[in-house]
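Since the structure comes first, as structure tokens, the remarks are kept for the end.
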Amino acid sequence: MCVVLSTCVNAQAGVYLFRDKEGRVVLSDVPANASAKRLIGDPTAEEGIGGFVADRERVALYIGLIRKFARTYNLPEHLVKAVIQVESAFNPKAVSHKGAVGLMQVMPATAQDIGILGDLTEPEVNIEAGCRYLAMMMSRFKGRVDLALAGYNAGPEAVVRAGGAIPDFPETKAYVNSVMDITSRFQTGSVYIVELSSGRFLLTNY
């Protein structure tokens with residue numbers, strides 16, 4: 001598939017994707033035929049994913065690490081992105097009032113328990129720790145994503161005490177619902193073209 005991207009694309013007017021007469025896929029600021037699909041509109045507007053705003057440039061900084069550790073620990077990539085969105089909004093310097101650190105808000109004691117001894121403020125260390133712990137929750141609760149997320153948030157023993165169900169904690173219930181909702185929204189298949197501050201263009205589904 002050939003993608004033609006002209007430097008004269010005016011994102012303010014919208015960006016469209018269509019096939020030209022030669023069958024090539026073209027990105028343009030002009031919807032040249034009836035098959036043209038609008039990808040983005042005004043980039044100055046807050047473009048959210050079904051009600052939440054994702055900083056696509058910030059996501060792009062970490063997508064390589066997310067893919068690496070999602071594959072290493074056999075986790076859905078969209079799930080890892082959703083956990084990071086809910087935990088820290090992709091802010092690697094985030095610290096909770098309980099002392100959880102970084103992108104995936106990992107407790108230092110938890111990281112130590114699962115064999116991650118590096119600096120949790122480093123994105124690579126943090127994402128590996130978060131993915132390893134989430135994978136442990138997935139294994140413990142036999143692939144039940146909702147219970148794995150509840151264990152990630154409240155601790156696995158809280159799930160066990162609740163009889164193998166989501167604990168009756170408002171924070172945990174809201175957390176599970178938010179992560180699962182955002183996971184599905186990351187999977188919607190919407191396509192965006194984003195101009196990064198570096199001047200490069202990113203064609204992405206988030």
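The values are calculated or read from the model by the stated rules, or taken from the named source; none is laboratory data. Predicted model, so just to flag it, every value in this text is computed and none were measured. Using ideal geometry, Cβ is built from the backbone for each residue, glycine included, and neighbour counts are taken over all protein chains shown.
Couple of notes before you dig in:
- Taken over segment 70-104, the criterion of being modelled with pLDDT under 95, among the small types (G, A, S) and assigned to a helix (DSSP H, G or I) is satisfied by A82, S88.
- The lone criterion from (1) in a helix (DSSP H, G or I); (2) touching a helix residue (DSSP H, G or I) at 6+ places or on another chain (Cβ under 8 Å); (3) buried (at least 16 other Cβ atoms within 10 Å of the Cβ) left unmet by N126 is number (2).
- Matching residues, segment 69-80, being of a type outside the set (D, E) and without any contact (Cβ under 8 Å) to a residue 40 or more places away in the chain: R71
- Contact annotation: residue pairs with Cβ atoms under 8 Å, 6 or more positions apart or on different chains, pairing a residue in segment 81-97 that is acidic (D, E) with a partner that is buried (at least 21 other Cβ atoms within 10 Å of the Cβ) and assigned to a loop (DSSP other than H, G, I, E, B), are E87/L103; E87/M104; E87/Q105.
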